[in-house]
Structure formats: C-alpha cells, structure tokens
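Student: Take this structure, written in structure tokens, and hold onto it; I'll ask about it next.
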Amino acid sequence: MSEIEVTVAAPDERATLENLLQLYIHDFSEHWAGRPDGEIGEDGRFAPYPLDAYWNEPDHVPLLLRAHGHPVGFALLDRTSHTGHDLDRNMREFFILRKHRRSGVGTAAARAIFSLYPGRWEAAIARPNAAALPFWRKAVAGHPLAEDVVESDENTPVWNGAVIRFRIR
C-alpha cells in the first residue's frame, strides 16, 4: 500500500474535484437504475455536484487524496447529521478510483482523514450501497483512536441506510 496524502482542495483545484465527481457519480449511478436520477446531459456529463459551500462555509471541507503524487480520490466533509445527534464531522462523500480499491488506499485515506479531524463523526452508507458498509466498519474499527462506535440502521425522511457514529480522540 502506498502512502496517502490528504490535502484541503484549494480553489484552483476545484476542476480536479469536479472531474473526480463525474467518476464518482458514474459509479454511484448503478444504484439509480429505473429512476430518473443519474442521467447524463446532452454534453455527456452528469449534472454538477453543488460544491460552492465547500469554499464558502467553514464547516464544509473539500479534500483531495493522492498516492505517489497522483490524485486517487476525494472526500467531502460537512456537519450534517443523519441521526439527529450532535457531531463535528460527517463524511458527506468519499471516493477512491477503481484502480486503487482493495489495495488499502481507501482505508488509509479514511483513517488519515479521521486523524486530521478528531471529534464526533458520522459515516452514512446509503442502503443501495450496502457493499460499502464492511469498508466503513473496518476503517472506523481499525482506527487506533476510535471510541464509542455505534452503528444504527436508519429509515427516516432524513436517511435510509446504515450510520456509523464514533469519536476520534
């Protein structure tokens, strides 16, 4: 496994993040089969992800993930709770390029992010993306400073899927 670099995306790196988001939405679109969500436009691109808050709101953090100096993914953090509990950080979106999956890069990146932002966290996993649940369980449980780990299954107007709540000392 390679060493992971986690950096806050600068405004001039927004295009890199937007390009990675196209790949992320493409991957996730398989969960929208039979629904109008996730259609591409006439330009061959998915609708842009709303990113303005990530450069305008202090509780929104856009992160770029690199290995060997190359972009391998991103994470978007905010303070949105899916359970109604107080928290410091929510893993809004997380993406690792397919080439780097199952190599330990994603786990290392998630744990590095948790270490950079100690406090109360939530990681919410949408019900159609249940295959991601073992990844998040492992990433959280294996962090040496993770405490008070609680997993719940939510089916509310706010969220439908698993939510892992935890604290990083």
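Student: With n ≥ 4 as the cut-off for DSSP H runs, can you work out [θ] at 222 nm for the chain, using -39500 (n - 2.57) per run divided by the number of residues, rounded to the nearest 500?
Tutor: -7000 deg cm²/dmol
Student: While we're here: So for the chain, averaging the separation of alpha carbon pairs under 8 Å that are six or more residues apart and normalising by length, what relative contact order in percent results?
Tutor: RCO, the chain: 19 percent.
Student: Now a separate question. Enumerate the calculated ³J(HN,Hα) couplings along segment 90-102 in order (Karplus 6.51 cos²θ - 1.76 cosθ + 1.60, θ = phi - 60°), each rounded to whole Hz, writing x wherever the residue is Gly or Pro.
Tutor: Along segment 90-102, the couplings run 10, 7, 5, 9, 8, 8, 10, 4, 3, 4, 9, 6, 6 Hz.
Student: Using label points projected 7 Å from each Cα along Cα→Cβ, tell me how many nm separate N56 and E3, to one decimal.
Tutor: Each label point is offset 7 Å from its Cα along the Cβ direction, giving 3.8 nm.
Student: Separation between the H85 and S29 pseudo-spin-labels, each 7 Å from Cα along Cα→Cβ, expressed in nm?
Tutor: Result for the modelled spin labels: 3.5 nm.
Student: Using mean Cβ contacts within 10 Å as the protection proxy, how do 110-119, 147-156 order, highest first?
Tutor: For the peptides 110-119, 147-156, the packing ranking is 110-119, 147-156.
Student: Now, a different point. Using a Förster radius of 25 Å, what is the FRET efficiency between R169 and A141 based on their Cβ-Cβ separation? Nearest 0.05, please.
Tutor: Efficiency computed from Cβ-Cβ geometry: 0.95.
Student: Let me spell out the model: positive unit charges on the Cβ of Lys and Arg, negative unit charges on the Cβ of Asp and Glu, origin at the Cα centre of segment 102-169. What dipole size does that give, in debye rounded to 20?
Tutor: Here segment 102-169 has a charge dipole of around 240 debye.
Student: Okay, moving on. Is the shape of the chain rounded, prolate or oblate, going by the alpha carbon gyration tensor and its root eigenvalues a ≥ b ≥ c, with a/c under 1.5 for rounded and a/b larger than b/c for prolate?
Tutor: rounded
Student: If amide H atoms are built 1.01 Å from N in the plane of the peptide, which residues on other chains or at least 5 residues away come under 5 Å of the amide H of N160?
Tutor: Here the answer is R127, since their amide H atoms fall under 5 Å of that of N160.
Student: Rounded to the nearest whole Å², what accessible area per residue is found for segment 1-160 with the 1.4 Å probe?
Tutor: 56
Student: What number, in percent, do you get for the relative contact order of segment 62-145 if the mean sequence gap of Cα pairs under 8 Å and at least 6 apart is divided by its residue count?
Tutor: Answer for segment 62-145 is 24 percent.
Student: So, in Å, what gap is there between the alpha-carbon centers of segment 33-66 and segment 74-122?
Tutor: Segment 33-66 and segment 74-122 have Cα centres spaced 16 Å from each other.
Student: So for segment 1-83, Kirkwood radius off the Cα pairs, Stokes-Einstein at 25 °C and 0.890 mPa s: how many µm² s⁻¹?
Tutor: Diffusion coefficient, whole number: 171 µm²/s.
Student: Measuring from a point 7 Å past the Cα of D43 along Cα-to-C-beta, which residues in segment 5-23 have an amide N at less than 16 Å?
Tutor: Output list for this probe position: 14-23.
Student: Roughly how many percent of the accessible protein surface of segment 10-65 is carbon and sulfur, given a 1.4 Å probe and a whole-percent answer?
Tutor: Carbon and sulfur: 52 percent of the exposed surface of segment 10-65.
Student: How large a share of the accessible area of segment 117-163, in percent, is made up of carbon and sulfur atoms when the probe is 1.4 Å and the other protein chains stay in place?
Tutor: Taking all protein chains in place, segment 117-163 shows 58 percent carbon and sulfur surface.
Student: Regarding segment 66-113, what whole-number volume in Å³ per residue does the convex hull of its Cα atoms give?
Tutor: Spelled out: Cα convex hull of segment 66-113, divided by residues, is 86 Å³.
Student: May I pose another question? Direction-averaged shadow area of the convex hull around the Cα atoms of segment 43-139, nm²? Let's see the in-between values first.
Tutor: On the way: hull surface 31.2 nm².
Averaged projected hull area, Cα only: 7.8 nm².
Student: Using only the Cα atoms of segment 91-169, construct the convex hull and provide its projected area averaged over every direction, in square nanometres to one decimal.
Tutor: Reported value for the Cα convex hull: 5.1 nm².
The values are calculated or read from the model by the stated rules, or taken from the named source; none is laboratory data. Predicted model only: the values in this text are computed from it and were never measured. Cβ: placed from backbone, ideal geometry, glycine included. Neighbour counts: every protein chain shown. What goes into the accessible areas is simple: the full protein's heavy atoms, side chains included, and nothing from ligands, DNA or RNA. Shrake-Rupley method; radii C 1.70, N 1.55, O 1.52, S 1.80 Å.
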